[in-house]
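**Q** Supplied in structure tokens, the structure appears directly below.
The values are calculated or read from the model by the stated rules, or taken from the named source; none is laboratory data. Every value quoted in this text rests on a predicted model; they were computed, and no experiment measured them. Every residue, glycine among them, receives a Cβ derived from its backbone with ideal geometry; neighbour counts consider all protein chains shown.
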């Protein structure tokens, strides 16, 4: 676990009276110390999350301008393969991550939701670029969905128009951190482990004037505007 | 190449039944155009394509333009001599009339073989509601194919004789013509943190409607869509919730 | 099925009136198979974005193919009619997002035609430099994508993107953004390059033929490529002209129509360059034409760097805010990397255009996609589409 | 010979493959979180507001709430509300200030039009891009507290442009000074002193786009509106960590 956060100050460990502490209670500093001596301590949960976070396979799915920067992130200069995410799968059935890279139009939105539904759990969504987050500069257009988070849950938002490839990598690193922190059991367990949370979302239909429904209230909960 | 005026005269001589008007362009570009009689539009287009002096074999750009109904105030000034012998008075009479709107298709024609152009031709519909049919020029220039479909989609001009007149950009179930000037887009103004101007008006209207319960947060749209519960959602674990109070 | 078989088939199709509806029946009668409808896209790795083709197949042969558009229709024209003339400039970056510099220029050209603004000499040269660099980026990437469609897994694209990164680094250093340059203004350009920038750009251009040689050594002689592109997707000149095809796709069919020569916009008449033309009008010609055009662009760039004059880069009378052209209309067009890119503007004297229309070359170049694909296999349709060079931001706007 | 074309192609790729082992110029990869590309001076991503004083950013915003940028912003992602009262600006003249200033970075397309139309040099383009967030409603809506950055930060990211702007502002202020001598003299001097980049006054903190990149003070000092030279094109655009180049900022 060489990439454990190194900036964590050495916190006093939970003061074991005798013997060794349980694996879950070892502080990061101690674990780093042990690692230096060639002893790796881990739990099944950590191993599982470590494996998942370092082999995120994105869906090969470009919508607009940001897709070019996504391709650029996969080319030699930025090399997304260093994060284990270079295998862009053309099929949603094999993908873990959907990078919504570009403007989601209302004509495209049902297909994006269908692709999302076809991806198996655990799955994650990155909204890359202003258009995917909120409609961006094309927000006031009649055929532009004002943010993909009206229809599916989004884990990471990367603003920018388009974001640099480094910004995409930065978002990916954040997603990896999120995956590493996920719990498999207990009340705050990750989404994919819980049977009561949906893994499929309603696909809107084409209506006479707009999508029907235009948003999914289960995922779309905007607060009151700050200036109001 | 001959000037637009000469071309107009030649067309008038060749097609005596057709009305061919010269539309002057007041701008700097001074690309004047010809408004053709819609009924004979295709014949004239064929002539333009095949005439050896013109050979306009390439139709570059096809555009729709919406001219909504316009209220025009006419001011008629009449000079009334003063019976008392003083200076004559000027009397202004105002009358308001509505100039009926229309839809227009504009074609930019060039010649690839003779390398000249553009010749701009325009076709006008009768109005914006029911008389919206124009002859399709796709049989003359294949390049009009997608562009006329786009105009049909966004402006609502029906091109008679088009081989495959369907919506090009919007979905088939869509009913409106969004590039018209009076189109109102659907209401999805829940989150507008930087709204001002027209957007702020719409956002406020949305807030009022949401408070009054007129707009269902799940299904908000400027024109309330017809309920189609069966077709909207397939079986999922999270059905769309009904409107919250 | 070998190449010669396809040529026989082509001859038969011509006898049946190819291209056109009757050939559908001709091909169908010939093979007597059951038809299968395949929908490719909008999420498909080889449709260059969210483009969709509905193909009807007889075995593997295409008997009917209908393109479906609109999955990236983001209402550019409507938004532009609700914003100022200047406000639309950054949106034009996002039309053809691989070639923002030349799209900017096309829009600036139309507005300058509408308002009658003059452009200083230095800005004219800078515009040509930017447009030709953009052409290099576009054609290099296009060849990479085309080979992706042919089945190479990413390698040529990696080489193309290596060069692209160098050029867009220049764009970034000049305009501040890698892709969305927002560089042209009505009556000039926004930023004046420093001597260091020009020196770096000149070095890049001088080294570019070396990259092209490497690229060609890697790709042009490849037998698999030759077998899959020669004789595929033939397009005859008469049909191409009638269907309004422009750009490299048209010139590959042998029609000499390049707006840089025909209209002579900007300072192009001052430059010495050739317009390469194809003979067969097949996919291979369209590929080779791109390579040749890149070499011509390098020639133009070398001349532009040699002759670049000093002086201002903006018309002193140009103003940024409250820009209101006189009422009237104008259609400005230029030779973009994909074909004739035009902007049609109607002004009513207000700060916003009354009508704003983009003439998208990518969309109109797809008019004959069905005719080019008829009789070929579904795998060839992918290659033919790749050789037409579309960008969905421009197709759907 | 059939197949020679394929072999030629393979030779090219093999050359590049082998070459990348002994020729560092062929290694184009920038290992992002550890190494960083040197952002060019003109790079722009999201606007920020300039404050004259790092210690009191809200009190010394240059913005006078004229709302031109709000009006001109193409995607309308700026919101400004004018203040009710007036505060003295750097030259001592009482001015309005923005009571509310917000930019929705989830809409902003970094087109720089707000910067170009601003008559007061109050809004400039930032260079941060690592602002990925998990909540777009709060993290991506930048209020004036998050937007305000001191002038020294501006000097750090756009040195040439900032020097030019400061020169112009100083001339304007001197002219204003001559008009109203007595009261303004002290303040103008203070402003002139502040506008010199002072190391350590500004703490860009985590927002700094290139924390370890040394700023070259002498990049084309006289040229107006410049763009820096990119590195020679065949070199990788970054120095490897730990060789005098950018230090490892990830630690």
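**Q** Could you please find all residues in the stretch C:335-346 being surrounded by 24 or more Cβ atoms within 10 Å (Cβ to Cβ) and within 12 Å of chain B (Cβ to nearest Cβ)?
**A** C:339, C:340, C:341, C:342, C:343, C:344, C:345
**Q** Take the residues in the stretch A:44-63 that are within 10 Å of chain C (Cβ to nearest Cβ) and in a loop (DSSP other than H, G, I, E, B), then tell me which one is surrounded by the fewest Cβ atoms within 10 Å (Cβ to Cβ). Steps first, please.
**A** First, pick out the residues of the stretch A:44-63 that are within 10 Å of chain C (Cβ to nearest Cβ): A:59-63.
Subset that is in a loop (DSSP other than H, G, I, E, B): A:60-61, A:63.
Values: A:60: 20, A:61: 26, A:63: 29.
Top of the filtered list is A:60.
**Q** Select from the stretch B:25-39 the residues that are part of a loop (DSSP other than H, G, I, E, B) and touching a helix residue (DSSP H, G or I) at 6+ places or on another chain (Cβ under 9 Å) and list them in ascending order.
**A** Scanning the stretch B:25-39 gives B:27, B:28, B:29, B:31, B:32, B:36, B:37.
Quick grid of which residues meet (1) over 30 Å from residue A:153 (Cβ atoms); (2) modelled with pLDDT under 80; (3) within 11 Å of chain C (Cβ to nearest Cβ); (4) under 22 Å from the mean Cα position of the chain (by Cα):
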{"residue": "B:135", "(1), (2), (3), (4)": "yes, no, no, yes"}
{"residue": "B:143", "(1), (2), (3), (4)": "yes, no, yes, yes"}
{"residue": "B:159", "(1), (2), (3), (4)": "yes, no, no, yes"}
{"residue": "B:173", "(1), (2), (3), (4)": "no, no, no, yes"}
{"residue": "B:187", "(1), (2), (3), (4)": "no, no, no, no"}
{"residue": "B:193", "(1), (2), (3), (4)": "no, no, no, no"}
{"residue": "B:216", "(1), (2), (3), (4)": "no, yes, no, no"}
{"residue": "B:223", "(1), (2), (3), (4)": "no, yes, no, yes"}
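**Q** Give the residue, chosen from B:204, B:175, that is assigned to a loop (DSSP other than H, G, I, E, B), outside the structural domain of residue B:126 (by TED's automatic domain parsing) and surrounded by fewer than 20 Cβ atoms within 10 Å (Cβ to Cβ). Quick ask: steps written out before the conclusion?
**A** On the way: B:204 fails: assigned to a loop (DSSP other than H, G, I, E, B).
Result of the check over B:204, B:175: B:175.
**Q** Look at residue C:95 and say whether it is at the interface with another protein chain (Cβ under 7 Å from one of its Cβ atoms), within 19 Å of residue A:103 (Cβ to Cβ) and assigned to a loop (DSSP other than H, G, I, E, B).
**A** no
**Q** For the stretch C:330-358, how many residues are assigned to a strand (DSSP E or B) and either assigned by TED's automatic domain parsing to the domain that holds residue C:50 or touching a residue at least 40 places away in the same chain (Cβ under 8 Å) (or both)?
**A** 19
**Q** While we're looking at this one, here's another question. When residues of the stretch D:65-96 are filtered for being without any contact (Cβ under 8 Å) to a residue 60 or more places away in the chain, buried (at least 20 other Cβ atoms within 10 Å of the Cβ) and more than 14 Å from every other protein chain (Cβ to nearest Cβ), how many remain?
**A** Residues meeting the conditions: 1.
**Q** Where in the stretch A:64-167 are there strands (runs of 3 or more DSSP E), lying fully within it, with 2 or more residues that are more than 7 Å from every other protein chain (Cβ to nearest Cβ) and in contact (Cβ under 8 Å) with a residue 12 or more places away in the chain?
**A** In the stretch A:64-167, the matching strands (runs of 3 or more DSSP E) lie at A:97-101, A:124-128.
**Q** Given the residues C:213, C:263, C:256, C:236, which is the only one that is on the phi < 0 side of the Ramachandran plot, touching a strand residue (DSSP E or B) at 6+ places or on another chain (Cβ under 8 Å) and surrounded by fewer than 20 Cβ atoms within 10 Å (Cβ to Cβ)?
**A** Within the list C:213, C:263, C:256, C:236, the selection yields C:263.
**Q** Could you tell me which of the residues B:34, B:54 is in contact (Cβ under 8 Å) with a residue 60 or more places away in the chain and more than 24 Å from the chain's Cα centre (by Cα)?
**A** B:54
**Q** While we're on this one: Does residue D:149 qualify as being buried (at least 21 other Cβ atoms within 10 Å of the Cβ) and either more than 29 Å from residue C:88 (Cα to Cα) or more than 10 Å from every other protein chain (Cβ to nearest Cβ) (or both)?
**A** Yes, satisfied.
**Q** Given the residues C:234, C:228, C:210, C:217, which is the only one that is away from chain B (no Cβ under 14 Å), closer than 30 Å to residue D:1 by Cα and assigned to a loop (DSSP other than H, G, I, E, B)?
**A** Values: C:228 fails: assigned to a loop (DSSP other than H, G, I, E, B); C:210 fails: assigned to a loop (DSSP other than H, G, I, E, B); C:217 fails: assigned to a loop (DSSP other than H, G, I, E, B).
That would be C:234, the only listed residue that is away from chain B (no Cβ under 14 Å), closer than 30 Å to residue D:1 by Cα and assigned to a loop (DSSP other than H, G, I, E, B).
**Q** So, in the stretch C:171-205, of the ones that are closer than 15 Å to residue C:127 by Cβ and assigned to a helix (DSSP H, G or I), which residue ends up nearest to the other protein chains (Cβ to nearest Cβ)?
**A** My answer is C:174.
**Q** Here is a follow-up. Considering only the stretch D:59-78, state which residues are outside any loop (DSSP other than H, G, I, E, B) and within 25 Å of residue C:89 (Cα to Cα).
**A** Once the filter is applied, which keeps residues that are outside any loop (DSSP other than H, G, I, E, B) and within 25 Å of residue C:89 (Cα to Cα), the stretch D:59-78 yields D:68, D:69, D:70, D:71, D:72, D:78.
**Q** Only one of C:89, C:101, C:40 is within 16 Å of residue C:332 (Cα to Cα) and within 14 Å of chain A (Cβ to nearest Cβ). Can you tell me which? Break it down stepwise before answering.
**A** On the way: C:101 fails: within 14 Å of chain A (Cβ to nearest Cβ); C:40 fails: within 16 Å of residue C:332 (Cα to Cα).
Matching residue, one of C:89, C:101, C:40: C:89.
**Q** Residue pairs, Cβ under 9 Å, 6 or more apart or interchain, first in the stretch C:311-326 and more than 11 Å from every other protein chain (Cβ to nearest Cβ) and without any contact (Cβ under 8 Å) to a residue 40 or more places away in the chain, second part of a loop (DSSP other than H, G, I, E, B) and surrounded by 15 or more Cβ atoms within 10 Å (Cβ to Cβ). List them.
**A** Close Cβ pairs satisfying both conditions: C:316/C:120; C:316/C:187; C:324/C:85; C:324/C:351.
**Q** Sticking with this structure for a sec: Within the stretch D:105-127, work out how many residues are part of a loop (DSSP other than H, G, I, E, B), under 15 Å from the mean Cα position of the chain (by Cα) and under 17 Å from residue D:162 (Cα atoms).
**A** Here the count works out to 5.
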